[in-house]
Structures are given as C-alpha cells and as structure tokens.
Amino acid sequence: MSREQNSLDDYLKKAAMTISQSKHVVALVGAGMSVESGIPPFRGSGGLWTRIGEPPMNGYQRFLADPEAAWKEILNPDDSGPRAEFRQAIEKARPNPGHYALAKFEELGILKYIITQNVDGLHWDAGSKNIAEIHGTRHKVRCIECNLRWMRADFQIRDLPPKCPECGGLIKGDTVSFGEPIPQDVLHTSFRQTQLSDCMLIIGTSALVYPAAGLPSEAKMHGASLIEINTDETPLSPICDIILAGPSGEILPAILEEVSKILNL
Ligand code: APR
C-alpha cells in the first residue's frame, strides 16, 4: 500500500471516529459531489465557468429588468455549447455512491442535515430528507414576492412572465441567480443547522460563494469539527481538522464503512 493510501486510511478512520462521537453532523455540499454523476463542476478542471468564464454577477437584476425575455430564453434555451451540455448532463444525472452514503448516514440518525449549493435534486433522488437547498433547485419555481414554491413540472405557464396564483407576484425558477438574495426560509435553516452542528462535512465545494462558504467558519467558532472531502485544496482547508483528498463518491462510502464498524452496525 502506498504512503498516500496509508495516510488516507488513517484519516478515514479519524474522520469516522469524529463522526461517530458527534451529536449533530451537518454536511455542506458543492458541485464536486455531483461530478461522479456526470455533472461538470463550475470551477477547476472541466468547470463550466472555467470553460465560458464566470457569469455576470447581476443575473437577478437582468431578470427583473425584462422577465418576459428571460422566460422566453428559459423556455427555448440554445441547444448547443457548454451551457447546453451542462443542462443535458444535469437532466440525465443520477445519484452516485456519495449521495447514497449521505442518505444512509441520515437513516442511521448520524447526519442531521444537508446544506447543498447544488440545484440538481440528487440528494432527494438518493433518499435524503433533511435538505436545505441554499441556492434553490432547478425542479421548482418560486414567487419572488411571497416565496411560495411549486414543482416546475406541475406549474402551468399560461402567460409570460408567469405570475403567482396566490399574490400576483413574479414567478421565477427557484434556482438562486447571482445578485439574488437567498430566500429567508432556506437561509434561516442553513444558519440554524450550522449553529447546531458539532461536526460539519465540507464536500466538493470551492468555498468561494457566500453565504454558503462562510458557514464552516461559523461552525468552527462554536467548536465544531470540520472534515473536508475534496479532490483539491480550498480556502477552507487551513481551518479544517481533517482533510480527505479524493472523490466524494469513493470517500463517503469508505467513511460509512468505517463508522459502521465503530458502531457495530
Ligand atoms: N469529489 C470531491 N470534490 C470534487 C470532485 C469530486 N469528485 N470533483 C471536483 N471537486 C471539487 C473541486 O476541487 C472544487 O473544489 O469540487 C469543488 C467544485 O467547486 P465549484 O465548481 O466552484 O462548485 P461550488 O463550490 O458548489 O460552487 C458554488 O458557485 O456558480 C455558483 O451557484 C453556483 O452553487 C454554485 C456556487
């Protein structure tokens, strides 16, 4: 066994011990979690923004300026280029072993909540139930006035831009656009779960987009252990207690196996 594998195994055992001794484990998840489901990340090698450049930071303001034009683009997207490839990848993606491992951790009562930046819905598909989608989900639409949400597949769009049947407000995709405030309900849940956590798994995120990227420091401030699972280093790596370098689809099942041994499951 190589030295790297040896040390990874040691860190896996250390992570499993920390998790088994914790009372409120929370996971902060980023795009790296879904790479093994075939969805490219945004940054780093193969990332969507790496290929086409970071999007404008005022997507929300542009939506508000002409919601009808925005909806026309949403309903008739271009079917070529990196964005189309990304959309097609997300449409055919299925959960990977990492998603199923987190769902099992929740079933065992170990993982209390997932705060995900991903809009792909794969945690739901894998069976997880306690999920805060801090950047929304592509599977829903939301009224920007009263914050009501509907499954996109069930929402009849009659006129453009669609209006809220309850309050008449503007309807947009639930995915949070750049420049858009995070909806209060999901922001509150994310902060609350961070406050309650005594161990935070930081999985597949470049930790560059706030407020999500600030949650691990919040958790650390009240003594939570931080366990980072990432193929690369991130700005959070220096404050993490344990760093597991590798793909989450392999590392999470390996941690689950170690935890099952410790807890004689
Ligand atoms: N396993 C674990 N980590 C991985 C894997 C993998 N198989 N593949 C890539 N990674 C890591 C990369 O090293 C990187 O640190 O996942 C991270 C992906 O970073 P980003 O692409 O920036 O994704 P994320 O952190 O979720 O981006 C945050 O930015 O564009 C916005 O709204 C978008 O929610 C997104 C936010």
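The values are calculated or read from the model by the stated rules, or taken from the named source; none is laboratory data. Quick caveat: nothing in here was measured; it's all calculated off a predicted structure. Virtual Cβ from ideal backbone geometry, glycine too; neighbours counted across all protein chains shown. Surface areas here come from the heavy atoms of the whole protein model, side chains and all, with no ligands, DNA or RNA. Shrake-Rupley method; radii C 1.70, N 1.55, O 1.52, S 1.80 Å.
With r as the distance between the Cβ atoms of Asp185 and Leu263 and R0 = 35 Å, compute the FRET efficiency 1/(1 + (r/R0)^6) and round to 0.05. Show your work: numbers first, answer last.
Values: r = 33 Å, r/R0 = 0.95.
Efficiency, from the Cβ-Cβ distance: 0.55.
Quick one: compute the contact order of the stretch 117-265, relative version, from alpha carbon pairs under 8 angstrom and 6+ residues apart, as a percent. Please list the in-between numbers first.
Numbers: 199 pairs, mean separation 22.8, N = 149.
Worked out over the stretch 117-265, it gives 15 percent.
Just to compare against my own numbers: the Cα pair-distance distribution for the stretch 172-265, 5 Å bins, whole % per bin, please.
Per 5 Å bin, starting at 0, the Cα pair percentages come out as 3, 12, 19, 20, 19, 15, 8, 3, 1, 0.
Compute the acute angle (0 to 90°) between the alpha-carbon long axis of helix 184-196 and the principal axis of greatest extent of the alpha-carbon atoms of the chain; round to the nearest 10°.
Helix 184-196 sits roughly 10 degrees off the main axis of the chain.
Which Rg and Dmax, in Å, describe the Cα atoms of the chain?
19.1, 63
State the Kirkwood hydrodynamic radius of the stretch 114-171 in Å, one decimal place, computed from all pairs of distinct Cα atoms. Before the final figure, lay out each step's value.
Working: mean 1/r = 0.0806 Å⁻¹.
Every distinct Cα pair counted, the radius reaches 12.4 Å.
Keeping the other protein chains in place, figure out the carbon and sulfur percent of the accessible area of the chain, with a 1.4 Å probe.
Values: 6800 of 13140 Å².
Percent of accessible area from carbon and sulfur atoms in the chain: 52.
Take the alpha-carbon positions of the stretch 98-195, form their convex hull, and give its projected area averaged over all directions (one quarter of the hull surface) in nm². Please list the in-between numbers first.
Values: hull surface 28.0 nm².
Reported value for the Cα convex hull: 7.0 nm².
Can you give the convex hull volume per residue for the Cα atoms of the stretch 27-111, as a whole number of Å³? Working shown, then result.
On the way: hull volume 11.7 nm³, N = 85.
Hull volume normalised by residue count: 137 Å³.
Can you tell me, using C-alpha contacts under 8 Å and at least 6 residues apart, the relative contact order of the chain as a whole percent? Kindly include the intermediate steps, with their values, before the conclusion.
Values: 448 pairs, mean separation 70.3, N = 265.
Result for the chain is 27 percent.
Restricting to Cα atoms and excluding each atom paired with itself, what does the Kirkwood estimate give for the stretch 88-151 in Å? Intermediate results must be reported in sequence, preceding the final value.
Details: mean 1/r = 0.0791 Å⁻¹.
Roughly 12.6 Å, rounded to one decimal.
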